[in-house]
Amino acid sequence: MASSAFELLASAVPAIAPHVVRGLMSTCTTRVLGREVKEKVIDGTGGFVGVLWHKDFLFALDFFRRRKIVVMVSQSKDGELVARALHRLGYRTVRGSSSRGGPEALAELTDLVRSGWGSAIIADGPRGPARQAKIGCVLAGRNSGAPLLPWGCHAEPNITAKNWDRTMIPKPFSRITVSFGEPIYVPAGADRATCEAMRDLVDRRMAEEESKCRD
């Protein structure tokens with residue numbers, strides 16, 4: 001019975017969710033800060049490692065649709081629903097997270113970034129702590145040679161969920177602000193201590209970009 005219920009969800013949610021997200025976001029207006037960074041990194045021809053918080057997944061899902069971007073998604077059942085929805089929006093996925101299948105997914109993502117793909121890593125997912133990056137995004141930057149791209153976003157007015165990551169959902173006709181920070185380059189031969197320092201830098205830069213969106 002449980003398996004049948006999941007299969008029903010697995011077919012219905014990915015088909016419906018993209019239309020719901022697109023319908024909601026289409027009523028909103030979006031302001032972009034750091035546009036020159038976006039044009040250089042995202043609209044350019046090289047690979048990059050986009051870093052986002054779990055709470056902002058809906059914004060990223062819509063903002064980056066139909067671009068050449070690969071997303072790391074967990075191997076959980078929830079992750080399966082997310083992956084199927086992402087495919088419908090034109091994204092490619094690799095399956096893994098810090099809790100399962102992470103090294104293999106990270107290697108696959110790194111290879112794609114080296115070949116020119118953009119990528120998105122939910123740095124604090126899938127279980128948090130919220131707004132604390134795990135080391136995976138830094139390793140992706142080190143191993144691929146591509147820049148980490150910190151970004152923040154905020155919607156006003158919004159609904160903030162009472163879950164672990166405080167997921168933010170814009171209300172219809174909200175004003176969304178997205179801010180892109182200067183790219184972060186991880187040295188090719190960075191050791192564990194250097195990578196940990198870069199991880200702390202990612203946290204600070206992400207906080208800075210989010211603060212700009214609230215001004």
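Here are the numbers for the structure shown:
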| item | result |
| --- | --- |
| Residue among G118, G152, G128 that is on the phi > 0 side of the Ramachandran plot and in contact (Cβ under 8 Å) with a residue 12 or more places away in the chain | G128 |
| Residues that are out of contact with any helix residue (DSSP H, G or I) (no Cβ under 6 Å at 6 or more places or on another chain) and closer than 22 Å to D165 by Cβ, drawn from the stretch 23-41 | L24, C28, T30 |
| Matching residues, the stretch 24-71, being aromatic (F, W, Y) and within 15 Å of S119 (Cβ to Cβ) | F48, F57, F63, F64 |
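Read-outs throughout are calculated quantities, based only on the coordinates presented, and are distinct from any laboratory measurement. Not measured: the values here are computed from a predicted model. Methodologically, a virtual Cβ is constructed for each residue, glycine included, from the backbone with ideal geometry; neighbour enumeration extends over all protein chains shown.
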